[in-house]
Amino acid sequence: MYNEEYFKQEEFRELLADYKQAVNTGQLVFMDVDDLGDIADYYEMNGRHEDAQKAIDRALELEPDSIFAWNYRIHEALEKNDYNTAEEYLQNIHDEEAPEYMYCRVEIWLAQGQTEKAEEYLDECVKVVPKDEFQDFIADVLNLYAEYDYLEIGMKWMAQQKSEDSDDFKELQAQTYFSAGKYDDSERLFNELLDEHPFKKQYWYALANTQFMKEEYDASVASSEYAIAIDPDYAEGLLSKANGLFRLENNEEAMKYYKRYLEKVPDDDYALLYMGCCLMNMGCYDKAVKVLLEAEKVANNDSPTIYEIYQELALTYGYLGKVKEAMAVVNKLDKLDCDHNEVLVLLGHIQLMNDMVDESGDNFDKAMRKSAFSPHIIVQVAVSLSDCQHEEQAYKFFKLLYDLIDSKYPHGHAYMALCCLELKKYDEFLYYVKQAVAKDREEAAIVLKHLFPDLKPEQFYEYAQKNIVNESH
């Protein structure tokens, strides 16, 4: 984590100015190695990788055994998944009881998924850590496990930590709870941190994320606004607010914040993807295509968003009636490592929305048979049929799933509720509203929101009974 606060201080500014002057005039740079490390971090934070490299090179010239510099090189190798080079660099740290050596040793193993080796090694390390350094050691170990997403192991190490009220450890606890899906605990700790530091934008941003994951989107947007009020150029805050607004279906406002974010972080395929989704939701399909094509251009096949980009682009072409272009995008999906039965359903949906009923049916049938009638695929087919106003057929597929194939399958009940309502099957509508809330609360909140404005899912059934079913009779 970069020390942004230090980088703003006059002390660092003077240090950086001295360094720049020496480099620009061709003088030899004589500085403390730790200061060169701070300069390297500053350059790296600002995307100036080559300048960061030069600072580390100079640190190693001044002190060939510099633990900091070799630590830097090791992390550089790990970012490239070059584990052999990371191992070679580790040999340059000769003090094997130095905390930096221990952490690098563990991190190289964690990066390769070798958690058992890391655990065995750390169990030995604990025995030689001085008592007055034990708390810091545990906190650093927890940080490593959190960084590599080994949450269960990290929680075990956190249990060894004695109660500590330091802000750094409390923040680490909050982040670990967040990563483990314990959002209430994470929210509580970030609120405690904000009680002490109400003007720390990072805490407001983190709080917004916990609220977002709890589906408290209004609260998430409000927390993001505090972060932006503290720093109007805070990119993470802008993106967080845009995401919250998107979930609240306030597409026009969300667009504004995605645009502001992209001014700070150009070529972010995630933000471009969701800008495209906003435009789709607003019915601006031609504009959506342009934005999604831009997202495709800056992404690559390893990007976690590429599947969604192709999916949304294909759908947008479908809405425009450009079936040929949509099928060309679907062909790109076929080349990805993904669920190809889902791709068949997507193709069938595009065909169905363009009145290619026979072709659509063939692809739906293929998807279900190839997936061995997977409940997931059956729900996708049924949802597509419902979206395209074929509620009778959608209803039959849902009944097939819940009555004959898997009565305990937790998803799709909210969509079945909509089908039942459309078909005036009111008793079944109420039954599936209750099932939806009990089995997939998040899906219920999203799919049924338009029927239950400003209500929590727990209130859906009673409202449906009193205000929808009773009024329909």
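Where a number appears in this text, it was derived from the coordinates with a stated rule and is not lab data. From a predicted model like this one, the values you see are computed outputs, not experimental measurements. Glycine also receives a Cβ, built like all others from the backbone with ideal geometry; neighbour counts cover every protein chain displayed.
The figures follow:
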{"item": "The chain: calculated mean residue ellipticity at 222 nm from DSSP helix runs of at least 4, using -39500 (n - 2.57)", "result": "-22000 deg cm²/dmol"}
{"item": "Unit charges on C-beta of K, R, D, E only; dipole of the stretch 178-256, Debye", "result": "160 debye"}
{"item": "Interatomic Cα distance distribution for the stretch 121-247, bins of 10 angstrom, percent", "result": "14, 38, 30, 14, 4, 0"}
{"item": "Debye intensity ratio in log₁₀ form over the Cα atoms of the chain, taken at each q of 0.07 Å⁻¹", "result": "-0.51"}
{"item": "Dipole of the chain [Lys/Arg +1, Asp/Glu -1 at C-beta], most positive-end residue of Ile138, Cys277, Leu418", "result": "Leu418"}
{"item": "Mean-position separation - Cα centroids, the stretch 246-278 and the stretch 290-334, in angstrom", "result": "17 Å"}
{"item": "Restraint check, Lys408/Lys439; Lys8/Lys54; Lys264/Lys287; Lys259/Lys335; Lys201/Lys456, Cα-Cα greater than 19 Å", "result": "Lys8/Lys54; Lys264/Lys287; Lys259/Lys335; Lys201/Lys456"}
{"item": "Magnitude of the charge dipole, the stretch 1-119, Cβ model with Lys/Arg +1 and Asp/Glu -1, debye to 20", "result": "440 debye"}
{"item": "Whole-Å distance, taken between Cα centres, linking the stretch 453-468 and the stretch 171-214", "result": "31 Å"}
{"item": "The stretch 397-407 - phi-based ³J(HN,Hα) in whole Hz, Karplus 6.51/-1.76/1.60, Gly and Pro as x", "result": "5, 4, 5, 4, 5, 6, 8, 10, 9, 7, 5"}
{"item": "Exposed chymotrypsin sites (Phe, Trp or Tyr not before Pro) absent - longest run of the chain, DSSP non-H/G/I/E/B, at most 15 other C-beta within 10 Å", "result": "200-372"}
{"item": "For the chain, with +1 on Lys and Arg beta carbons and -1 on Asp and Glu, the positive-most of Cys125, Val437, Tyr183 along the dipole", "result": "Val437"}
{"item": "Listed peptides 332-340, 439-447 by packing density, highest first (mean Cβ within 10 Å)", "result": "439-447, 332-340"}
{"item": "For the stretch 390-447 versus the stretch 87-104, the gap between their alpha-carbon centres in whole angstrom", "result": "57 Å"}
{"item": "Coil-residue trypsin sites (Lys or Arg not before Pro) of the stretch 1-71, DSSP, other Cβ within 10 Å capped at 14", "result": "Lys8, Arg48"}
{"item": "For Ile377, net neighbour charge (Lys/Arg +1, Asp/Glu -1) across residues whose Cβ lies under 15 Å away", "result": "-2"}
{"item": "Surrounding net charge for Ile56, when Lys and Arg each add one and Asp and Glu each subtract one, Cβ distance under 9 Å", "result": "+1"}
{"item": "Magnitude of the charge dipole, the chain, Cβ model with Lys/Arg +1 and Asp/Glu -1, debye to 20", "result": "2620 debye"}
